[in-house]
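J.: Mind looking over this structure? Questions follow.
The values are calculated or read from the model by the stated rules, or taken from the named source; none is laboratory data. Fair warning: this is a prediction, and the values are worked out from it, not measured in the lab. Please note: Cβ atoms are built from the backbone with ideal geometry, for glycine as well, and neighbour counts cover all protein chains shown. Calculation scope for accessible area: heavy atoms of the full protein, side chains included, ligands and nucleic acids excluded. Shrake-Rupley method; radii C 1.70, N 1.55, O 1.52, S 1.80 Å.
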Amino acid sequence: MEDSGTSEKQEQRSKNFIYEIIDDDLKTKKWNGDVHTRFPPEPNGYLHIGHAKSICLNYGIARDYNGKFNLRFDDTNPEKEDQEYVDSIIEDVKWLGADFEDRILFASDYFEQMYEWAVALIKKNKAYVDDSSADEIRSSRGTLTEPGKDSPYRSRSVEENLDLFERMRNGEFPNGSKTLRAKIDMGSPNFNMRDPIMYRIVHEEHHRQGNKWCIYPTYDWAHGLEDSLEGITHSICTLEFENHRPLYDWFLDELGIHHPQQIEFARLNLSYTVMSKRKLLQLVKEKYVDGWDDPRMPTVSGFRRRGYTPESIRNFAEMIGVAKRDATTDIALLEFAIRDDLNKHAQRAMAVLKPLKIVLTNFSGAEELEAVNNPEDPSMGTRKIIFTNELYIEKNDFMENPPKGFHRLVPGGEVRLRYAYIIRCEEVIKNSDGEVIELRCSVDHDTKSGTGTSKKKVKGTIHWVSAENAVKAEVRLYDRLFTVDSPDSDKEKNFLDYLNPESLEIIEDALVEPFLKNAKPADRFQFERNGYFCVDKKYTTDEKLVFNRTVTLKDSWGKMN
RNA sequence: UGCCGGGUCGUCUAAUGGCAGGACAACGCCCUUUGGAGGCGUCUGUAGAGGUUCGACUCCUCUCCCGGCAGCCA
């Protein structure tokens, strides 16, 4: 009676392999039933969507198991880090909704403890000061198939090491002249175990510590200690650190301190973009984009400015799952996530991107019409729109010589104006270049929207704005930043060669519904039949409204052509 | 070549020795006063070869393919 008797096809979301590990740990009481995760960024750049995946994973675990989640900056390299990045990261993590409570932590606050632990390892004769140059260390490390060679300084006495290490800290030696190395095994098949460097001398001001230190711990030495200090139970990281795990285990066990379990998962790759911080930094520094928050960037701040919601990014993270195999996720999945969210929540509006003037020959005055704010959510109510005899419609909603299947306005043809009447195109007016500049149309007064009196059926409904009260706005249309799905996979070519020259189109003279003049930065709307848009927070001023296109609507007509 | 990982629809991800399922994409139909949304349906997959087993995506052996590692970056 216990097995498949429950025929309910309730598809509960299956757990990823990390949840299974944690379930096991809980069963065996490995951590006393505690679950404590963290997100440990280095403040050397802005967060991207791959980081968002990690944040959602780590925070989601803490939330699902009633555990805790820390935000900790891994700020061990003063040469690359900056307070600007700290600030942006905090903002992004908060925006994503990951709750770290009061735990904004910094690895640099642990430097003193790390120093003491290093001294402890020296005393155990498990670490030594090496005078070799970077070149010497590299050449003695061996190769993939040959073991490395012991450093000539490897057998210094504990006393000498203690003295030298203290003097390193005191600033007696120049950059690069000495390092502290763990004494492990130069013959290990794992490079990370070939006497890895724990401290390097860097006379550089740290963004939080100032000039207090001139020796800085390496990531390999510091990272496991940080997790240990914070009582992290599950140290979740990406695949490239798998080879480092034995080293972290070695440090923790030699020190005899709390030993979190490291679990590796595959980082996110997204089609049509790049995800490495180095490349994103290059796009910013060399001005291929308008800053880290350029709406074409795969950064959290870029998606935010583009109009993505935190909810949509969380849903996306849920949809793509977590596994260990390398994968590239189709960006269409992200686009689905934001459309899905905005469809349910975004206020509808009419906006004409490329206006074509219409004059109604048998209509005068102004009529108030009622429009639905969101057909998916009646609680969002309705609004009034004013209908007049001069209007603008979308240029591409009219064709003089339409192909088969074109459902919009054609000479002599009829189309419905959204929320208004069916009109007929009576006359096409062109300029001297033969360009259509105006349409004269007649209104069928019996076809008012919503009255149910119309016996007519028309194939198409198009949107419009009134010439009398439409508001001018700038609209920015974004397309993929790169022209190929994996711009950095070709080792022969530079990813910059694949930049899409048409990734941004600026439309200066779009016309939008009057109520939008009160829209505030970051407000989101669906411009009916055009897509989802939000008010750009960078370029919008009191005099000028700027909209960013977040994503288009799914367009089954466009696909046919 | 050494070590460590990994190979399931086009893409992402489930099935933990018992009906290869879901989502996205694509395609078709229905519906529609947004060519949106929605509804219904279709298509497509276990890298290969052996073995164990009543039964293998799953366990074993071999092969092939992919990724990571030789920073005083993280």
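J.: Of all residues in region A:444-460 being more than 22 Å from A:Arg529 (Cα to Cα) and surrounded by 15 or more Cβ atoms within 10 Å (Cβ to Cβ), which is nearest to RNA strand B (Cβ to nearest atom)?
T.: Top of the filtered list is A:Ser454.
J.: Could you name every one of the strands (runs of 3 or more DSSP E) located completely within region A:305-411 that has at least 1 residues being of a type in the set (Lys, Arg) and within 11 Å of RNA strand B (Cβ to nearest atom)?
T.: Fully inside region A:305-411 and qualifying: A:347-349.
J.: Just checking: which of the strands (runs of 3 or more DSSP E) contained wholly in region A:214-300 hold 3 or more residues that are closer than 24 Å to A:Pro310 by Cα?
T.: In region A:214-300, the matching strands (runs of 3 or more DSSP E) lie at A:234-238.
J.: Another question, then. In region A:265-281, is there at least one residue being of a type in the set (Ser, Thr, Tyr) and either closer than 29 Å to A:Val471 by Cα or more than 13 Å from RNA strand B (Cβ to nearest atom) (or both)?
T.: Yes, region A:265-281 has at least one match.
J.: Identify all residues within region A:215-237 that are among the β-branched types (Val, Ile, Thr) and farther than 23 Å from A:Leu180 by Cβ; write none if there are none.
T.: Answer for region A:215-237, where residues must be among the β-branched types (Val, Ile, Thr) and farther than 23 Å from A:Leu180 by Cβ: A:Ile232, A:Thr233, A:Ile236.
J.: Return the residues of region A:540-561 that are farther than 19 Å from A:Met350 by Cβ and surrounded by 15 or more Cβ atoms within 10 Å (Cβ to Cβ); say none if nothing qualifies.
T.: A:Thr540 - this is the single residue of region A:540-561 that is farther than 19 Å from A:Met350 by Cβ and surrounded by 15 or more Cβ atoms within 10 Å (Cβ to Cβ).
J.: Continuing with this model, one more query. Select from region A:36-68 the residues that are within 20 Å of the chain's Cα centre (by Cα), within 13 Å of A:Ile232 (Cβ to Cβ) and outside any helix (DSSP H, G or I) and list them in ascending order.
T.: A:Arg38, A:Phe39, A:Pro40
So that you can scan it fast, the table gives a plain yes or no per residue for (1) charged (D, E, K, R); (2) open to solvent by less than 60 Å² (accessible area, probe 1.4 Å); (3) at pLDDT below 95:
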| position | (1), (2), (3) |
| --- | --- |
| A:Arg339 | yes, yes, no |
| A:Gln347 | no, yes, no |
| A:Leu353 | no, yes, no |
| A:Lys357 | yes, yes, no |
| A:Ala366 | no, no, no |
| A:Leu369 | no, yes, no |
| A:Asn374 | no, yes, no |
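J.: Can you pull out every residue in region A:167-198 that is over 40 Å from the mean Cα position of the chain (by Cα), not in a loop (DSSP other than H, G, I, E, B) and not hydrophobic (A, V, I, L, M, F, W, C)?
T.: Matches in region A:167-198: A:Arg167 only.
J.: Which condition number in (1) surrounded by 12 or more Cβ atoms within 10 Å (Cβ to Cβ); (2) within 25 Å of A:Asn548 (Cα to Cα) is the one that A:Arg424 fails?
T.: The failed condition is (2).
J.: Looking at region A:516-530, which of the residues that are within 16 Å of RNA strand B (Cβ to nearest atom) and within 24 Å of A:Glu468 (Cα to Cα) is most open to solvent (accessible area, probe 1.4 Å)?
T.: Filtering first and then ranking leaves A:Arg529.
Results for (1) modelled with pLDDT under 95; (2) open to solvent by 70 Å² or more (accessible area, probe 1.4 Å); (3) more than 7 Å from RNA strand B (Cβ to nearest atom), shown as yes or no for each residue.
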{"site": "A:Pro147", "(1), (2), (3)": "no, yes, yes"}
{"site": "A:Leu162", "(1), (2), (3)": "no, no, yes"}
{"site": "A:Asn175", "(1), (2), (3)": "no, yes, no"}
{"site": "A:Met186", "(1), (2), (3)": "no, no, yes"}
{"site": "A:Ile201", "(1), (2), (3)": "no, no, no"}
{"site": "A:Trp213", "(1), (2), (3)": "no, no, yes"}
{"site": "A:Asp220", "(1), (2), (3)": "no, no, no"}
{"site": "A:His244", "(1), (2), (3)": "no, no, no"}
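J.: Follow-up question, since we're still on this one. Within the group A:Lys344, A:Lys357, which residue is of a type in the set (Lys, Arg) and in contact (Cβ under 8 Å) with a residue 60 or more places away in the chain?
T.: Values: A:Lys344 fails: in contact (Cβ under 8 Å) with a residue 60 or more places away in the chain.
That would be A:Lys357, the only listed residue that is of a type in the set (Lys, Arg) and in contact (Cβ under 8 Å) with a residue 60 or more places away in the chain.
J.: For region A:490-500, check the following and say yes or no: at least one residue is exposed (fewer than 12 other Cβ atoms within 10 Å of the Cβ) and within 16 Å of RNA strand B (Cβ to nearest atom).
T.: yes
J.: With the structure loaded, tell me whether A:Arg141 is in a loop (DSSP other than H, G, I, E, B) and touching a strand residue (DSSP E or B) at 6+ places or on another chain (Cβ under 8 Å) or whether it fails that test.
T.: Taking the combined requirement at face value, the residue does not satisfy it.
J.: Can you name the condition, by its number, that A:Thr552 falls short on among (1) within 27 Å of the chain's Cα centre (by Cα); (2) away from RNA strand B (no atom under 14 Å from the Cβ)?
T.: (2) is the only condition that A:Thr552 fails.
J.: Go through region A:114-133 and give me each residue that's more than 16 Å from RNA strand B (Cβ to nearest atom), part of a helix (DSSP H, G or I) and surrounded by 14 or more Cβ atoms within 10 Å (Cβ to Cβ).
T.: Within region A:114-133, A:Trp117, A:Val119, A:Ala120, A:Leu121, A:Ile122 qualify.
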